[in-house]
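Worksheet for the structure shown next.
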Amino acid sequence: MAEPKLAGRHPFKVRLETGEHWWCACGESKSQPFCDGSHRGTSFTPVQIVVDEPKEVSLCACKRTGTSPYCDGTHKKLG
């Protein structure tokens, strides 16, 4: 499987409103950290986030987290 594009070296700190959101897993979206459909034709699929009440989260920008879509600090280990 291909490596996703690095969209950043720090997490995206965002406030998610109640409802459904889609996190970009390929790194190609122009609407980071959210999916804009740029993954079409690749092996990547966005990750669904369902929020019951508004909250602030740190979403992964390096696209290599082990806890997608949330940042787990993996970006600190990248060269």
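Here, each number is a calculation from the coordinates, and none is a lab measurement. Note that the coordinates shown come from a computational prediction; the quantities given were computed from them, not determined experimentally. Neighbour counts are summed over all protein chains in view; Cβ atoms, including those assigned to glycine, are modelled from backbone coordinates with ideal geometry.
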Taking a straight Cα-to-Cα line shorter than 15 Å from K55, and setting aside same-chain aspartates and glutamates fewer than 8 residues away, one finds E17, E20
Which loop-located trypsin sites (Lys or Arg not before Pro) does the range 1-73 contain, where loop means any DSSP state but H, G, I, E or B and the Cβ has at most 13 other Cβ atoms within 10 Å? R9, K30, R40
Normalising by the residue count of the range 1-47, find the relative contact order in percent from Cα pairs under 8 Å and 6+ residues apart. 36
Neighbour cut-off at most 15 other Cβ (10 Å), DSSP loop, GluC sites (Glu not before Pro), the chain: E17
Once Rg and Dmax of the Cα atoms in Å is worked out from the coordinates, which option in [x] 19.5, 51; [y] 12.0, 37; [z] 12.7, 43 does it equal? [y]
Difference of contour (0.36 nm per residue) and Cα-Cα distance, V14 to E53: 12.7 nm
The chain: relative contact order as a whole-number percent, Cα under 8 Å and 6+ apart: 36
